[in-house]
1. Mean Kyte-Doolittle of at least -1.0 and a Cα length of 20 Å or more along the axis: which whole DSSP H helices of the chain meet both?
2. Over region 91-172, what percent of the accessible surface lies on carbon and sulfur atoms, probe 1.4 Å?
3. Go ahead and estimate [θ] at 222 nm for the chain from helices alone: -39,500 (n - 2.57) per DSSP H run with n ≥ 4, summed, over the residue count, rounded to 500.
4. Could you report the chain's accessible area per residue, 1.4 Å probe, as an integer in Å²?
5. Taking the Cβ-Cβ separation of residue 181 and residue 69 as r and a Förster radius of 25 Å, what is the calculated FRET efficiency to the nearest 0.05?
6. Among 25, 62, 48, which one shows the highest mean-square fluctuation when the chain is modelled as a Gaussian network with alpha-carbon springs under 10 Å?
7. Measuring from label point to label point, each 7 Å out along Cα→Cβ, what is the residue 37 to residue 76 span in nm?
8. Which of 177, 144, 39 moves the most in a Gaussian network model of the chain with Cα springs under 10 Å?
Amino acid sequence: MSGPRTDALSVTTLLVIAKEPVPGRVKTRLTPVCTPAQAAGLALAALRDTLAVGLEVPVRRRVLVLDGAPGPWVPDGYEVAPQSGGGLDERLAAAFALSDGPALLVGMDTPQLTPDLLAPALRPDGGPGCDAWFGPAADGGFWALGLADPARPDLLLGVPMSTDRTGAIQRARLTGAGLRVRDLPVLRDVDTPADAAAVAALAPGTRFAAAWRDLGPVGPLETASTAGAAR
């Protein structure tokens, strides 16, 4: 088995911000159809998918910024740093402060992530004429944020998180500060059972999709997402 991919020209730090997959603390919006333990299992699968993709891209450092305790699911090739306290905007700003050069931050809610999706934001030169990369989420948030200069807490602090306007406000904060922003593709976060079914159908080869299938039939959610994926 090969180790983490590295590249002498890579200058970017990959930051993965995540929660320890503890029942009752993660993916609580899945519990209408899952038990807390099943929701935590789905969260673990999504996190493992995300961390595995991080090993396939050429970056200078890989840092898991974790709320909780690391487990055997953290692969070699990652440093682990504790999340700071405060609101999500404060925790994101503190995560970027862990890097002394360009950084790309992703969460654990998009197990459909692939190296190709991250590739534009990981170019050795950061992309000519680009100061930031922004990955919008379908629910109005964002799944990725890349900064050429991560020592800018003002770019994040005070942005309201977990709303359907978070992404638009965050992107406007970047452009309002004079940054040249490029966009990554829109991805769907896994928050609800409908999200889980849709993402599992979109990326059937992932650990997340296997964990979702192991739950068994989930009625109209699975049928609707499969029909939507086929259109």
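1. Numbers: long enough: 36-55 (29 Å, 1.06).
Span-like helices here: 36-55.
2. Details: 1760 of 3070 Å².
About 57 percent, which is the carbon plus sulfur part of the accessible surface.
3. Details: 7 runs with 73 residues, N = 231.
My calculation for the chain gives -9500 deg cm²/dmol from helical runs alone.
4. On the way: 10430 Å² over 231 residues.
Per residue, the chain has 45 Å² of solvent-accessible surface.
5. Working: r = 35 Å, r/R0 = 1.41.
Once rounded, the FRET efficiency stands at 0.10.
6. In this elastic network of the chain, the residue with the biggest mean-square fluctuation among 25, 62, 48 is 25.
7. Result: 3.2 nm between the two label points.
8. Judging by the Gaussian network model, the answer is 177.
The values are calculated or read from the model by the stated rules, or taken from the named source; none is laboratory data. None of the values given here were measured: they were computed from a predicted structure. So basically every Cβ, Gly included, is an ideal-geometry build from the backbone, and we count neighbours across all protein chains shown. Note: accessible area is taken over every heavy atom of the protein model, side chains too, but ligands, DNA and RNA are not part of it. Shrake-Rupley method; radii C 1.70, N 1.55, O 1.52, S 1.80 Å.
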